[in-house]
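See below for the structure under consideration.
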């Protein structure tokens, strides 16, 4: 069966400090590798929620780290026909440290990795035969010109086949300057049916002073749905006619990496089910919350039955 939800971009493994406040500039213990990459976290979570029906387009190296990522996607039912192996290049790596204030520091090995070889030619039309949703991330737009053009081509193919586009700005200043990020995000904003920004990202994209004004500006410019992710405060959904606040689910946080990507997967799942936006947002909040309860960016991604138990 052809996938109904597709994402594309960086495939990588994450290697993280065991404890907090251990800078990457000094020797200390690591744990990992864990399969990761923002669009990969999204598609793996979506596969768990939808029971498969998902596909991914990306590039890995011919190494153990590549096997780590691809095997995890296959295990959860992701169609990996769109994943190519690049001989002679290593799979992408992110080294992560956590601070006691909840912030994180990343060192990425992406620009020189197999992930950076993603190209428009990898976006094959036959993969889009059953497309209903394409998910694009800001990181996928940022780490190489080939990846950026692949995202633009995927959007074109998705729209040609009547699919919808979701976009998580996922703005990483480490990968590209903010002015350049605004520029490369613009074509995606024009095509997006739903956007998943944080408050800071919404302000960066629009130049607005507050997240609320920024989200309203995105809706007024033609984005049908903007879902503002607010962490432990839940989320707020904006449309031209509605503003819906969805309550959070209180959990004990172990690892916050990937929570936003899992939220996105929950939201897209709810939209595919045809639920009203209040239920969609509540479902997505639960998915995002449960995802932080285990170490590793994909490890806490819940299955559908686990989420429904909290509704």
Of (1) surrounded by fewer than 23 Cβ atoms within 10 Å (Cβ to Cβ); (2) in contact (Cβ under 8 Å) with a residue 60 or more places away in the chain; (3) in contact with a helix residue (DSSP H, G or I) (Cβ under 8 Å, 6 or more places away or on another chain); (4) more than 18 Å from residue 300 (Cβ to Cβ), residue 24 fails just (3)
On the given criteria, is residue 270 in a helix (DSSP H, G or I) and either surrounded by fewer than 24 Cβ atoms within 10 Å (Cβ to Cβ) or modelled with pLDDT under 95 (or both)?
yes
Residue that is surrounded by fewer than 24 Cβ atoms within 10 Å (Cβ to Cβ) and either touching a strand residue (DSSP E or B) at 6+ places or on another chain (Cβ under 7 Å) or at pLDDT 95 or above (or both), where the choices are 293, 236:
236
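In this structure, is residue 242 closer than 27 Å to residue 190 by Cβ, out of contact with any strand residue (DSSP E or B) (no Cβ under 8 Å at 6 or more places or on another chain) and surrounded by fewer than 18 Cβ atoms within 10 Å (Cβ to Cβ)? Explain how you work it out, then say what you get.
On the way: closer than 27 Å to residue 190 by Cβ: yes; out of contact with any strand residue (DSSP E or B) (no Cβ under 8 Å at 6 or more places or on another chain): yes; surrounded by fewer than 18 Cβ atoms within 10 Å (Cβ to Cβ): yes.
It is true that residue 242 is closer than 27 Å to residue 190 by Cβ, out of contact with any strand residue (DSSP E or B) (no Cβ under 8 Å at 6 or more places or on another chain) and surrounded by fewer than 18 Cβ atoms within 10 Å (Cβ to Cβ).
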Of 223, 213, the only residue that is farther than 24 Å from residue 94 by Cβ, at pLDDT 95 or above, surrounded by fewer than 21 Cβ atoms within 10 Å (Cβ to Cβ) and in contact with a helix residue (DSSP H, G or I) (Cβ under 9 Å, 6 or more places away or on another chain) is 213
From the list 82, 52, 32, which one is under 19 Å from the mean Cα position of the chain (by Cα) and more than 15 Å from residue 114 (Cβ to Cβ)?
52
Would you be able to tell me the number of residues in the stretch 118-157 that are closer than 20 Å to residue 192 by Cα, outside any helix (DSSP H, G or I) and within 16 Å of the chain's Cα centre (by Cα)?
5
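Evaluate the following for residue 254: is it at pLDDT 90 or above, more than 23 Å from residue 52 (Cβ to Cβ), over 17 Å from the mean Cα position of the chain (by Cα) and not in a helix (DSSP H, G or I)?
For residue 254, the condition - at pLDDT 90 or above, more than 23 Å from residue 52 (Cβ to Cβ), over 17 Å from the mean Cα position of the chain (by Cα) and not in a helix (DSSP H, G or I) - is not met.
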Kindly evaluate residue 42 against the criterion of being crowded, with 19+ Cβ neighbours inside 10 Å, within 16 Å of the chain's Cα centre (by Cα) and modelled with pLDDT of 95 or more.
yes
Options 74, 69, 60: the member that is free of Cβ contacts under 8 Å to residues at least 40 places away in the same chain and closer than 19 Å to residue 296 by Cβ
74
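Kindly state which strands (runs of 3 or more DSSP E) lie completely within the stretch 32-100 and contain at least 1 residues that are out of contact with any helix residue (DSSP H, G or I) (no Cβ under 7 Å at 6 or more places or on another chain) and within 25 Å of residue 134 (Cβ to Cβ).
Result: 78-86, 92-98.
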Residue 89 buried (at least 21 other Cβ atoms within 10 Å of the Cβ) and either touching a strand residue (DSSP E or B) at 6+ places or on another chain (Cβ under 9 Å) or under 14 Å from residue 59 (Cα atoms) (or both):
no
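The values are calculated or read from the model by the stated rules, or taken from the named source; none is laboratory data. Just so it is clear, the model here is predicted, and its values are computed rather than measured. So basically every Cβ, Gly included, is an ideal-geometry build from the backbone, and we count neighbours across all protein chains shown.
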